[in-house]
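The values are calculated or read from the model by the stated rules, or taken from the named source; none is laboratory data. Note that the coordinates shown come from a computational prediction; the quantities given were computed from them, not determined experimentally. Neighbour counts are summed over all protein chains in view; Cβ atoms, including those assigned to glycine, are modelled from backbone coordinates with ideal geometry.
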Amino acid sequence: MATTRRRLTPYFLLFPGAFWLIVFFVVPMGYMAELSLRSGSLEQGFQFTWQWSNYGDALSLYQDPFIRAFEYAGAATAIALLIGYPLAYAIAFRGGRWKNAMLFAVIAPFFTTYLIRTYAWQTILSDQSPVTRTLDAVGLAPGGHVLATAGAVIAGITYNFLPFMVLPIYASLERIDPRLIEAAKDLYASSRAAFWKVTLPLSAPGLVAGTLLTFIPACGDYVNAFFLGGANNKMIGNVIQGLYLTNRDYPAAAALSFVLMAVIMIIVFVYIRFAGSESLMGEEAVAR
Amino acid sequence: MEAGTAAAPAYVRRESVLRRLWGWLREHAVNIFAGLVIAYLLIPIAVIVLFSFNNPAGKYNFTWEGFTTYHWKHVFSIPELNSALGTSLQLALYATLISTLIGTFMALALVRYQFFGRRTTNFLIVIPMATPEIVMGASLLSFFLILGTPSLGFSTLLIAHVMFCISFVVVVVRSRLIGFDRSLEEAAQDLGASPLQTFWRVTFPLIFPGVLAAALLAFALSIDDFVVSNFNSGTTVTFPLYIFGAAQRGIPVEVNAVATILFTVTLIAMGFTVLQQRRAEHMATVRPQQEGEAP
């Protein structure tokens, strides 16, 4: 009796949470798949007819915002990496007594609502703002506008997801045994060589995690394009949101959501295989 | 170089100053760059606070027109904004309570027990965190649309918020449980405590900081959520949804003031949890030392 109860205890503990995740996360994916294969209209109702052409039609119609989403997300991820890595490095190795304050500054944007942060950028980049006027003066804001350009949307995405880049990189840099870097220098590696051969490979797990945590949400984002972009900067997220909530073309919207998820999963899979082996090689080199 | 050593002393001194400056810049380049990135992270927050004191000429609060505390004195004078805030707080409170409770149970099961289906459960917890929010929101809306019930509104928002909070609660509580010293519980039971007494007197106080941190994270995630809510709200309006709706006709200055208040409150809550965590760590480290000193 007692052993049976002990064996069942974990299942009792798991049940409410697992139930919630299965019913409201896993099952809805199936419903969305079913919805994406329906045909009909909002007035007459949508019937399930294995309408595979929904996928082709939606993709050819919304090809541009689809590709744009990945371009913007890719650009934002690259910029976030380039400015996030030095920051994470400075916090981990040069922070000193400022370390906690710097970490705090990285998460401080999360204390304000996501939409408010993006709205703040709308204010900062608006036509009469000092930033726009400065950019205009150096010729970087054609016609005195920054808003409604690709640059504004990419800047917004970079800003909103930068902490997701910095924190994992910081965590993996923080774990590096400083003796390994000292050893490299004792063995006559220059600072630069020690960084490229020791520090960077050892921080690869954080780098991989950071790029994924930035790229995945960025691909589906539509808030930045809404606040900072114009008609020519719509991302696939804007299209899906509009199709679901305004046009109510549910099958097309569901099909696009599915393709978006599939493409993200493929990119993530390829990336992990590629980058994962790199980071493993780094660890092997150290083990030897 | 050779010319430098042979030239006048003033020239040598100037070169060395330049070189020292260059050396200093190279030495501190990373720190200077980090400082600039931090400024970039904090400037929008400063802009939000600053523009809560603006006195805009039109309906758009984009250009600085002059200082006023008018909007701070009338923060809660927009009925739609107030009700959106009320809905958000209520929603976040319920979502936090439910997700923290069932998430803590899940974390306990995963850390404490070996059972069939453990890997699948871990997978089930990780996947929602790796899914773009828009896909989560869209699939849940598809589900509610096809079922036709419950009708979109507060209840569907609550279901959605609990769903995306669970994973984060599990991860936070689990990290706290892994470093947990089981001998403390065994000691309590050796001293005659019942399992329930052991849980409330020993286990719970020790994991409480973790549970509190998880609850605060869940609350923050819920009150900040826009995308999933946008899809599943029906006609119910939360604070982020209010901002989104107001964006086209101009966001009122009061929103900046409310955002500043929320920022400050979060700051205080965060400081409080950090203190709690420190105290818990202090408790955990002090005890074994005392035991060590005893003999």
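Quick rundown of the values:
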quantity	calculated
Only one of B:A246, B:A280 that is crowded, with 16+ Cβ neighbours inside 10 Å, within 18 Å of B:P79 (Cα to Cα) and modelled with pLDDT under 95	B:A246
The range A:165-181 - residue that is within 17 Å of B:L42 (Cα to Cα) and either buried (at least 24 other Cβ atoms within 10 Å of the Cβ) or at pLDDT 95 or above (or both) and, of those, nearest to the other protein chains (Cβ to nearest Cβ)	A:V166
Out of A:F46, A:F104, sole residue that is surrounded by fewer than 19 Cβ atoms within 10 Å (Cβ to Cβ) and of a type in the set (F, W, Y)	A:F104
Filter result (in contact (Cβ under 8 Å) with a residue 12 or more places away in the chain and either within 12 Å of chain A (Cβ to nearest Cβ) or in a helix (DSSP H, G or I) (or both)) within the range B:143-158	B:F144, B:L152, B:F154, B:T156, B:L157, B:L158
Meets criteria (under 30 Å from A:S172 (Cα atoms), within 9 Å of chain B (Cβ to nearest Cβ) and in contact (Cβ under 8 Å) with a residue 40 or more places away in the chain) for A:I79	no
Residues satisfying the stated conditions in the range B:120-131, i.e. within 13 Å of A:L14 (Cα to Cα) and either more than 7 Å from chain A (Cβ to nearest Cβ) or touching a residue at least 24 places away in the same chain (Cβ under 8 Å) (or both)	B:T120, B:N122, B:I125
Qualifying residue in the range B:132-142 (condition: surrounded by fewer than 19 Cβ atoms within 10 Å (Cβ to Cβ), in a helix (DSSP H, G or I) and more than 7 Å from every other protein chain (Cβ to nearest Cβ))	no
Contacts under 9 angstrom Cβ, first residue in the range B:263-277 being in the same structural domain as B:F208 (by TED's automatic domain parsing), partner at pLDDT below 85 and surrounded by 14 or more Cβ atoms within 10 Å (Cβ to Cβ), 6 or more apart	B:T273/B:P209; B:Q276/B:P209; B:Q277/B:P209
Qualifying residue in the range A:105-118 (condition: charged (D, E, K, R), within 11 Å of another protein chain (Cβ to nearest Cβ) and without any contact (Cβ under 8 Å) to a residue 24 or more places away in the chain)	no
The one condition in (1) within 25 Å of the chain's Cα centre (by Cα); (2) modelled with pLDDT under 85; (3) of a type in the set (S, T, N, Q) that A:N160 fails to fulfil	(2)
Odd one out for A:T149 among (1) within 14 Å of chain B (Cβ to nearest Cβ); (2) closer than 30 Å to B:M136 by Cβ	(1)
Filter result (more than 10 Å from chain B (Cβ to nearest Cβ), in a helix (DSSP H, G or I) and surrounded by fewer than 19 Cβ atoms within 10 Å (Cβ to Cβ)) within the range A:119-140	A:R133, A:T134, A:L135, A:D136, A:A137
Search result, residues across the range B:239-259 that are facing chain A (nearest Cβ under 10 Å) and within 24 Å of B:H161 (Cα to Cα)	B:F239, B:P240, B:L241, B:Y242, B:I243, B:F244, B:A246, B:A247, B:V255, B:V258, B:A259
Candidate set: the range B:159-179, residues that are small (G, A, S) and assigned to a helix (DSSP H, G or I); chosen: the one farthest from the other protein chains (Cβ to nearest Cβ)	B:S175
Top-ranked residue in the range A:234-255 [being at the interface with another protein chain (Cβ under 9 Å from one of its Cβ atoms) and more than 19 Å from A:S60 (Cβ to Cβ); ranked as surrounded by the fewest Cβ atoms within 10 Å (Cβ to Cβ)]	A:L245
Residue under evaluation A:D57, criteria (1) more than 8 Å from chain B (Cβ to nearest Cβ); (2) of a type outside the set (K, R); (3) more than 30 Å from B:F143 (Cβ to Cβ), criterion not met	(3)
Residue match in the range A:257-273 (condition: more than 10 Å from chain B (Cβ to nearest Cβ), charged (D, E, K, R) and in a helix (DSSP H, G or I))	yes
Test: A:L21 is closer than 29 Å to B:V173 by Cβ, facing chain B (nearest Cβ under 7 Å) and either free of Cβ contacts under 8 Å to residues at least 24 places away in the same chain or surrounded by fewer than 22 Cβ atoms within 10 Å (Cβ to Cβ) (or both)	yes
Residue that is surrounded by the most Cβ atoms within 10 Å (Cβ to Cβ), among those in the range B:33-63 that are at the interface with another protein chain (Cβ under 9 Å from one of its Cβ atoms) and over 23 Å from A:F110 (Cα atoms)	B:T63
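For every residue, the table says whether it meets (1) buried (at least 19 other Cβ atoms within 10 Å of the Cβ); (2) within 12 Å of chain B (Cβ to nearest Cβ); (3) in contact (Cβ under 8 Å) with a residue 24 or more places away in the chain; (4) more than 18 Å from B:F144 (Cα to Cα).
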site	(1), (2), (3), (4)
A:F12	no, yes, no, yes
A:P28	yes, yes, no, no
A:Y31	yes, yes, no, no
A:S36	yes, yes, yes, no
A:L42	no, yes, yes, no
